[in-house]
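Before any comments, here is the structure.
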Amino acid sequence: MSGHNSQWQQRERDLKGQRQLAALAEIEAEFENIRSAWHWAVDQRDFDALDQMADSLYWFCTIRNRTAEALELYTYAREKLAPAAGETPHPFWGRLLAGIDAKSPRAAHKETEAAMAIARQHDNKAEIARCLADFGLIARSMGNHQKAIDYLEQALEAYRALDDRFAMVEVMRNLAKSYQWTDGPQARTADLRHEALALSREIGHLYGTAILLSDSGGAAWQNGALDDATGYFAESDPLLTQIGDRLFRGVAKTFMASIAFEQGVLSRAADLAHASLALANELDNQEEKPYALCLLALVATLHGDHVTAKAHCEEAVAAAGQESPAQALTHGCLAILAANQDDWRAARKHLRAQLKIKRKDRKPLGFPAPLAVGAILANQDGDFVQAAELLALAFTHPLSPNGWLAAWPRITALRAELERKLGADDYHATWERGAKQDLTKKLKELQRL
């Protein structure tokens, strides 16, 4: 097997460097033979061969969204190679424990502890670094972002010592995401992304470059810098297409659909949301599906197509489930739909539910959504001053994407109605006062509507 091992060493170097595209194509063409070779190596307990193949298979399946096949290969190996009671585990067993899995975070943490023990026993610095990185991702999945940062910083230091630049890119990317979800130094987030992107380009890591560009686009969108976000996604999308990734292409298209919607370009938003939904359905990506469906529901609502909007909302709610990060967005969509149909009870219910959900990974349409629904409800309650103040804040806050508000006929009519009811002078004075209101305070007030 020495010749095959040498071939896999070269393939791994290619996959992590300038020949990444060629290596992906070669593995794709030979995948069934590679699958057979993996099974044969497992059956022969050829740990050296498996060790040579593991990284290339993992990254190929990750980039090409074939994690189900990777899971099958890893599961086969775990079932066949599990050490007997009292038997000293082979070093590769730790690699399998820290590999692809579909377990709960707590179970994954326990198995990564076992993998770390094996790595430390053999003083395998690369595996120690890998386990530290895995601990960080597990901590983040459990919502403990500071703990994730601690682990990932240690992993980054370990990979720097090993001069493993490919792994450094991945760890820096995950570190940046973890810092982004905390109240920590956002300059650290930007520095990490900048360094990771430069390093990724330098080593020819197209996949890393594309994902980092998408991450930067998502961060820019989160901060209201829509033009910057558009530029990042415009650069990442063709790269993702070129390398054959569908998962992150779908995510990027959802973000691009959100940008188009927030800018009021509803036809483009719908086209991009449909493209994102098609990719989500193709991959059975239940995490991304609700976002695309909600955007389609919002476009339909603004067009007055309430039947289509309701159908999309119901499908989004079913896809999101009770614990999904998309819950805030689904409630926001339902609140907008209800307000557009004069269903005041449902609008209040979903507005309150949306405001109770606090998440940092996605802005639920940004804050103008609850402000706009709140303005409609305040007007219905006869509080015309409150309605005008809420609209002013929604339209004028520095981070507010208001193109979609200008494209919503209900809001256009409400502005004219409020000016008529308050009188032009009082309306404009109220608008100026509302534009200076504290956003956090106003959002809290909405829960009492």
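The values are calculated or read from the model by the stated rules, or taken from the named source; none is laboratory data. What you see is a predicted model; the values in this text were computed from it and never measured. Ideal geometry is used to build each Cβ from the backbone, glycine not excepted, and the neighbour counts take in all protein chains shown.
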*Count - residues of the stretch 181-202 that are closer than 22 Å to D134 by Cβ and surrounded by fewer than 22 Cβ atoms within 10 Å (Cβ to Cβ)*: 7
*In the stretch 22-73, how many are in contact (Cβ under 8 Å) with a residue 40 or more places away in the chain and on the phi > 0 side of the Ramachandran plot?*
1
*Working only within the stretch 1-53, note down all residues that are in contact with a helix residue (DSSP H, G or I) (Cβ under 6 Å, 6 or more places away or on another chain), over 27 Å from T241 (Cβ atoms) and either hydroxyl-bearing (S, T, Y) or buried (at least 16 other Cβ atoms within 10 Å of the Cβ) (or both).*
W8, W38, A41, V42, F47, A49, L50, D51, Q52, M53
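Right, R95: crowded, with 20+ Cβ neighbours inside 10 Å, touching a residue at least 12 places away in the same chain (Cβ under 8 Å), within 24 Å of I128 (Cβ to Cβ) and in contact with a Leu (Cβ under 9 Å, 6 or more places away or on another chain) or not? Walk me through it before giving the result.
On the way: crowded, with 20+ Cβ neighbours inside 10 Å: yes; touching a residue at least 12 places away in the same chain (Cβ under 8 Å): yes; within 24 Å of I128 (Cβ to Cβ): yes; in contact with a Leu (Cβ under 9 Å, 6 or more places away or on another chain): yes.
Considered against the rule, which asks whether it is crowded, with 20+ Cβ neighbours inside 10 Å, touching a residue at least 12 places away in the same chain (Cβ under 8 Å), within 24 Å of I128 (Cβ to Cβ) and in contact with a Leu (Cβ under 9 Å, 6 or more places away or on another chain), R95 comes out as yes.
Let's see how each residue does on (1) within 17 Å of I27 (Cα to Cα); (2) assigned to a helix (DSSP H, G or I):
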site	(1), (2)
M53	yes, yes
S56	yes, yes
L73	yes, yes
Y76	no, yes
P83	no, no
G86	no, no
F92	no, yes
R106	no, yes
K110	no, yes
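Scanning for something closer than 20 Å to I243 by Cα and either in contact with an Asp or Glu (Cβ under 8 Å, 6 or more places away or on another chain) or of a type outside the set (K, R) (or both), does the stretch 69-79 turn up at least one residue?
There is at least one residue in the stretch 69-79 that is closer than 20 Å to I243 by Cα and either in contact with an Asp or Glu (Cβ under 8 Å, 6 or more places away or on another chain) or of a type outside the set (K, R) (or both).
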_Here is a list: A353, A378, A406. Which entry is under 32 Å from the mean Cα position of the chain (by Cα) and either free of Cβ contacts under 8 Å to residues at least 60 places away in the same chain or surrounded by 15 or more Cβ atoms within 10 Å (Cβ to Cβ) (or both)?_
A353
_Only listed residue being under 18 Å from E315 (Cα atoms), part of a helix (DSSP H, G or I) and either in contact with a Leu (Cβ under 7 Å, 6 or more places away or on another chain) or modelled with pLDDT of 95 or more (or both), chosen from A196, A210, A278_ = A278
*Any residue in the stretch 404-420 that is out of contact with any Gly (no Cβ under 8 Å at 6 or more places or on another chain) and over 28 Å from V265 (Cα atoms)?*
yes
*Select, from K363, K441, the only residue that is out of contact with any helix residue (DSSP H, G or I) (no Cβ under 8 Å at 6 or more places or on another chain) and modelled with pLDDT under 90.*
K441
